[in-house]
Amino acid sequence: MILVAKVQLKPTPAQASALRLSLEHVNSACNWLSEQAWAQRVFGQYNLHHLGYYALREKFSLPSKITARLIAKVANAYKKDKKGMRRFRKHGTIDYEDGCLRWHLSKDEVSILTTAEGRQKIPFVCGEKQRQLLENRHGQSGLVLVDGKFYLLACCNVEAPEPSGVTDYLGVDLGIINIATDSDGSVYSGSNVNGLRHRHRRLRQKLQSKGTKSATRLLNKRRSKESRFVADVNHQISKCLIATAQGTDRGLALEDLKGICDRVTVRRSQRVTLHSWSFFQLRSFVTYKAELAGVPVVFVDPRNTSRTCPACGHIDKANRRSQSSFSCVSCGFSGLADHIAAINIGRRAATDQPYAAGLSS
């Protein structure tokens with residue numbers, strides 16, 4: 001499997017200026033090529049290469065490998081749809097191949113080709129986990145600029161064990177009030193995350209209405225704190241779920257919630273909460289951590305999982321009396337609604353394996 005190692009570059013002021021100019025130069029070339037592609041309705045990488053390669057080399061004085069990568073970047077941008085001309089951010093990512101970027105791990109240094117000042121040797125810093133990943137680096141590395149700091153994102157090959165054979169699954173229900181609830185009854189509350197989002201939303205509204213320079217500075221300072229906090233919570237929850245499944249020789253079963261934000265209708269006051277729900281991030285964390293641990297993960301149809309009685313199998317909308325409570329109108333079985341849903345998800349994964357396996361990708 002492929003994992004990404006993120007390392008921070010420590011350039012001198014002159015090197016930082018050269019890196020910034022390289023980003024601007026390459027993305028300016030991307031915008032020029034995108035204009036040509038849109039005007040002539042040429043979007044495939046092969047045809048774009050024939051259309052713009054020599055013109056890019058002459059007009060922007062770019063090295064051949066960087067030119068080839070920016071052509072691929074423009075082609076990939078048009079793969080999603082061709083409804084409008086693609087534009088690229090001034091400091092968007094540059095992809096480097098090995099010929100333009102050399103790693104010297106023993107020196108904690110990279111040799112990187114810039115368009116303004118040629119090749120530069122720049123030190124980097126990273127954690128021990130990233131250093132181990134870099135030993136198996138393979139393919140491209142991306143140069144990114146985030147909040148004034150330069151990072152390299154390196155693709156690394158990691159050997160994942162074969163998923164163990166299991167007959168039972170730990171069901172996991174995902175939600176907003178409770179981020180995750182498993183079929184063993186463990187509840188991972190979302191109160192801290194929801195409270196933080198609400199507090200940050202109110203603060204942003206106040207600062208934006210104020211409009212002063214100090215308010216703008218504070219907005220810029222706090223803009224990524226919420227996303228970092230949410231990502232940390234999702235990392236912790238995913239680790240706990242994997243450890244529980246691995247320790248009991250079970251697989252993991254999650255709902256397939258793809259497109260739920262488009263399907264669900266909520267009140268106006270709830271729209272921000274719904275669309276800031278980070279279930280897909282949690283799903284991606286669970287997926288790659290489970291693959292590293294050899295724990296199989298399947299995704300099941302979520303319909304009626306919280307309306308089905310696990311005792312008698314009766315399905316009724318009236319079984320779900322409120323967001324938190326479940327009480328079967330047929331047999332009287334009751335419990336926490338999210339826990340009931342998690343039980344049904346786990347059972348559905350075990351009995352409906354063909355459908356579940358088909359959604360695992």
Dimensions in Å of the chain - Rg and Dmax from alpha carbons = 24.7, 77
Given the Cα-Cα distance of residue 1 and residue 330 and 0.36 nm per residue of separation, how much length would full extension add, in nm?
-> 113.7 nm
Computed FRET value (nearest 0.05) for residue 228 with residue 39, which takes r as the C-beta separation and R₀ as 45 Å | 0.65
So the FRET efficiency between residue 284 and residue 213, C-beta based with R0 = 51 Å and rounded to 0.05, is 0.85
Name the longest site-free stretch of the chain, where the excluded sites are GluC sites (Glu not before Pro) in a DSSP loop with no more than 15 other beta-carbon atoms within 10 Å.
-> 160-361
Take the alpha-carbon centre of region 24-62, take the same for region 76-121, and report the distance between them in whole Å.
-> 16
Max mean-square fluctuation residue, GNM over the chain, Cα-Cα springs under 10 Å, options 351, 93, 212 = 212
The simple spin-label model distance between residue 8 and residue 164, using points 7 Å out along Cα→Cβ, in nm, is 3.8
Over the chain, what is the mean sequence separation of C-alpha contacts under 8 Å (at least six apart), divided by residue count, expressed as relative contact order in percent?
-> 17
Output for region 162-252: trypsin sites (Lys or Arg not before Pro) sitting in coil per DSSP, at most 14 other Cβ within 10 Å, listed by number, reads 223
Throw me the Rg/Rh for region 2-157, computed over C-alpha atoms with Kirkwood Rh, two decimals.
-> 0.99
In a solvent-free Debye calculation with one equal scatterer on each Cα, what is log10 I(q)/I(0) for region 169-358 at q = 0.12, 0.17 Å⁻¹, listed in the order of the q values?
-> -0.64, -1.12
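At 222 nm, what value in deg cm²/dmol follows for the chain if DSSP H runs of at least 4 each add -39500 (n - 2.57) and the sum is divided by all its residues, to the nearest 500? Intermediate results must be reported in sequence, preceding the final value.
On the way: 12 runs with 163 residues, N = 361.
Taking each H run of at least 4 residues, the total per residue is -14500 deg cm²/dmol.
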In the neighbourhood of residue 145 defined by beta carbon distances under 12 Å, the net charge of the other residues (Lys, Arg +1; Asp, Glu -1) is +2
Select from the chain the helices, each a whole stretch of DSSP H, whose alpha-carbon atoms run 30 Å or more along the helix axis and whose Kyte-Doolittle mean is at least -1.0; answer none if there are none.
-> 13-40, 225-247
Ratio of the Cα radius of gyration of region 123-229 to 2.2 N^0.38 Å, where N counts its residues = 1.60
For all pairs of alpha-carbon atoms in region 1-93, what percent lies in each bin of width 5 Å, listed from the first bin to the last filled one?
-> 2, 13, 22, 21, 17, 11, 9, 4, 0
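Would you mind checking 10/225; 59/90; 73/107 for any pair whose Cα atoms are more than 20 angstrom apart?
Beyond 20 Å: 10/225; 73/107.
No value in this document is a laboratory result; all are computed from the given coordinates. Just so it is clear, the structure is predicted and the values come from calculations on it, not from any experiment. No Cβ is skipped: glycine too gets one built from the backbone with ideal geometry, and neighbour counts run over all protein chains shown.
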